[in-house]
Amino acid sequence: MSDIIREIEAEQLKAGVDDFRVGDTVKVYGKIKEGTHERIQVFEGVVLKRQGGSSRETFTVRKTSNGIGVEKTWPVHSPNVEKVEVVRRGKVRRAKLNYLRGRVGKKAKVKEAK
């Protein structure tokens, strides 16, 4: 990659990126724009994956809402992500937890790290 692209991407990076890993249960505070108003909406769930690098890095969070699985993907360095708060640390042995999509109830839980 050329130096010019690296410089442009370095300007777009957030200064303080929150420390979270795959398997953690997190609260994502996302900015929502409705007309002229802007509010913050919280999305709490398990981090399924983190992928990419630099300014293109994204993470996916999954939660169950009314018995239906809901997933959202955010860029880590997006200005629309106010903050990511870790609720619980998870103990997993995989980089991507796609197997959780086929599980329901207690089987869909991730063990808590000590």
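Any read-out appearing in this document is the output of simple, stated calculations on the displayed coordinates, not a laboratory observation. Everything numeric here is computed off the predicted structure, so don't read it as measured data. All Cβ positions, even for glycine, are placed from backbone atoms using ideal geometry, and neighbour counts span all protein chains on display.
Odds and ends about this structure:
- Against the main long axis of the alpha-carbon atoms of the chain, helix 3-12 sits at an angle near 60°.
- The three principal axes of the Cα atoms in the chain give end-to-end lengths of 48, 38, 25 Å, sorted in falling order.
- For the chain, the dipole from Cβ point charges (+1 on Lys and Arg, -1 on Asp and Glu) about the Cα centre works out to 1140 debye, to the nearest 20.
- From phi via Karplus (6.51, -1.76, 1.60), per-residue ³J(HN,Hα) for segment 29-42 in Hz, x at Gly/Pro: 9, x, 7, 10, 9, 10, x, 8, 8, 10, 9, 10, 10, 9
- Global form of segment 1-57, assessed from the alpha-carbon gyration tensor, a/c cut-off 1.5: oblate
- Over the chain, relative contact order from alpha-carbon pairs under 8 Å, at least 6 apart, %: 27
- Between Ala113 and Ser65, the modelled label-to-label distance comes to 2.7 nm, taking each label 7 Å out from Cα in the direction of the beta carbon.
- Pairs from Lys31/Lys107; Lys33/Lys91; Lys14/Lys96; Lys14/Lys72; Lys31/Lys96; Lys33/Lys63 whose Cα-Cα separation, in the structure shown, is over 29 Å: Lys31/Lys107; Lys33/Lys91
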